[in-house]
1. Restricting to region 115-137, and then to whatever is part of a helix (DSSP H, G or I) and more than 10 Å from ligand 2 (Cβ to nearest atom), can you tell me which residue is least open to solvent (accessible area, probe 1.4 Å)?
2. Could you tell me which of the residues His72, His103 is crowded, with 16+ Cβ neighbours inside 10 Å and either of a type in the set (Ser, Thr, Tyr) or within 16 Å of ligand 1 (Cβ to nearest atom) (or both)?
3. Can you find a residue that is at pLDDT 90 or above, surrounded by 11 or more Cβ atoms within 10 Å (Cβ to Cβ) and touching an Asp or Glu at 6+ places or on another chain (Cβ under 6 Å) anywhere in region 215-230?
4. For region 111-118, indicate whether the set of residues that are over 21 Å from Leu217 (Cβ atoms) and modelled with pLDDT of 95 or more is non-empty.
5. Look through region 234-254, keep the residues that are touching a Phe, Trp or Tyr at 6+ places or on another chain (Cβ under 8 Å) and hydrophobic (A, V, I, L, M, F, W, C), and return whichever of them is modelled with the highest pLDDT.
6. What residue, among those in region 140-167 that are open to solvent by less than 70 Å² (accessible area, probe 1.4 Å) and not in a helix (DSSP H, G or I), is nearest to Ala61 (Cα to Cα)?
7. If Ala89 satisfies all but one of (1) under 24 Å from Ser168 (Cβ atoms); (2) touching a residue at least 24 places away in the same chain (Cβ under 8 Å); (3) small (Gly, Ala, Ser), what's the number of the condition it fails?
8. Working carefully through the options Ala61, Ala41, find the one that is at pLDDT 95 or above and open to solvent by less than 30 Å² (accessible area, probe 1.4 Å).
Amino acid sequence: MGNIYQRWNIHHRLQHILLFVSFFILTLTGLPIKYAYSGWAVRATSIFGGFDTMLLIHKVAAAIMIISAIYHLGYLLYCWLVKKQISTATLPTWKDVTDLLDHIVYCFGFTKEDAKFDRYSYKEKFDYWAVFWGIAIMVGSGLMMWFPHITAEFVPRWIMDCAQVAHSDEAMLAIMAVFVWHFYNAHFSPLVFPMSLVWLKGNLNQEEMEEFHPLELEKKAPPVIGSTAAVEGKTSSFRSNPYLIILQMVVYAAILIWFLRSFLPLGLM
Ligand code: HEM
Ligand code: HEM
């Protein structure tokens, strides 16, 4: 028997859904542009109905990503100016540095005491600020490439070339950060496998709050919206199945090696 806590309200969840849907479409339509010379890119472009259609889809997804960013900033302003609530929970602090070091020592088994995370751990803060920075770069450089005739009226050609390089390389950084870092934390980590459902249901049960946000629970617990008995059937059986965890880690590693080998000129193989 334990409480169910609301971690994310409907606005957090909608902003995140708009963000990841647009991100996936931008990745699927952007990579074939970057690797236009390769066979799979030619096939991918034809699946999207040719380059012009694929670029149009890229721009529509870009508009959705811009809407998700405006929605998020607007929501922060509304909380600050109307609800007079301003949260500093995502701001990096020195404790994030000591948490990272404590967590590494814990993961290597040198201590039984893991770092005690507050509302947002260093992992989640990294997610948040990586996306904040990434969207600024991608929207800025994307708009310059989307409207080259207007951009040319304000900046010299070399700045536009820099925008294309920044867009292309930041795209790879963002894709790697999401598919390696975020997906491990939200999907593939044995602690949440097959997936944390915060993005969909917005809540965490007592056990999960004690695991992921013990300091928040101590300091100021989020609103209680129910109790565990009422929502039996959480995915704990998956998390305690070592064979499934080993299998998913092998699959995850295989996807990672394929991606690194296919997309990044690291000369691994
Ligand atoms: C995280 C989100 C995004 C990803 C992963 C992404 C990915 C890419 C990639 C890989 C390319 C090819 C770059 C190259 O030539 O090497 C590209 C091109 C482009 N992107 Fe994005 N993009 C994103 C967001 C945006 C946004 C927000 C906009 C507009 C505001 C945008 C507009 C464009 C345009 C106009 C091109 C140029 C296409 C051309 O070559 O004519 N992208 N994108
Ligand atoms: C199917 C894909 C995805 C799933 C299942 C997923 C899952 C999640 C979950 C469960 C959280 C809440 C973590 C917490 O309790 O704080 C979260 C947070 C977040 N996600 Fe995703 N995510 C996905 C895709 C993405 C993508 C593509 C992006 C960025 C382009 C993204 C950016 C973020 C950010 C910025 C946060 C807030 C910081 C955090 O709490 O970690 N997510 N995601």
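The values are calculated or read from the model by the stated rules, or taken from the named source; none is laboratory data. What you see is a predicted model, and the numbers here were worked out from it, not measured in a lab. Cβ: placed from backbone, ideal geometry, glycine included. Neighbour counts: every protein chain shown. We work out accessible area using only protein heavy atoms, side chains counted, and drop any ligands, DNA or RNA first. Shrake-Rupley method; radii C 1.70, N 1.55, O 1.52, S 1.80 Å.
1. To start, the set of residues in region 115-137 that are part of a helix (DSSP H, G or I) comprises 122-137.
Keeping just the survivors that are more than 10 Å from ligand 2 (Cβ to nearest atom) gives 122, 133, 136-137.
On the way: Tyr122: 33, Trp133: 146, Ala136: 69, Ile137: 51 Å².
For region 115-137, the residue satisfying everything is Tyr122.
2. On the way: His103 fails: either of a type in the set (Ser, Thr, Tyr) or within 16 Å of ligand 1 (Cβ to nearest atom) (or both).
After applying the criteria, what remains is His72.
3. yes
4. Scanning region 111-118, I find no residue that is over 21 Å from Leu217 (Cβ atoms) and modelled with pLDDT of 95 or more, so the answer is no.
5. My answer is Met249.
6. Here the answer is Val155.
7. (1)
8. It is Ala61.
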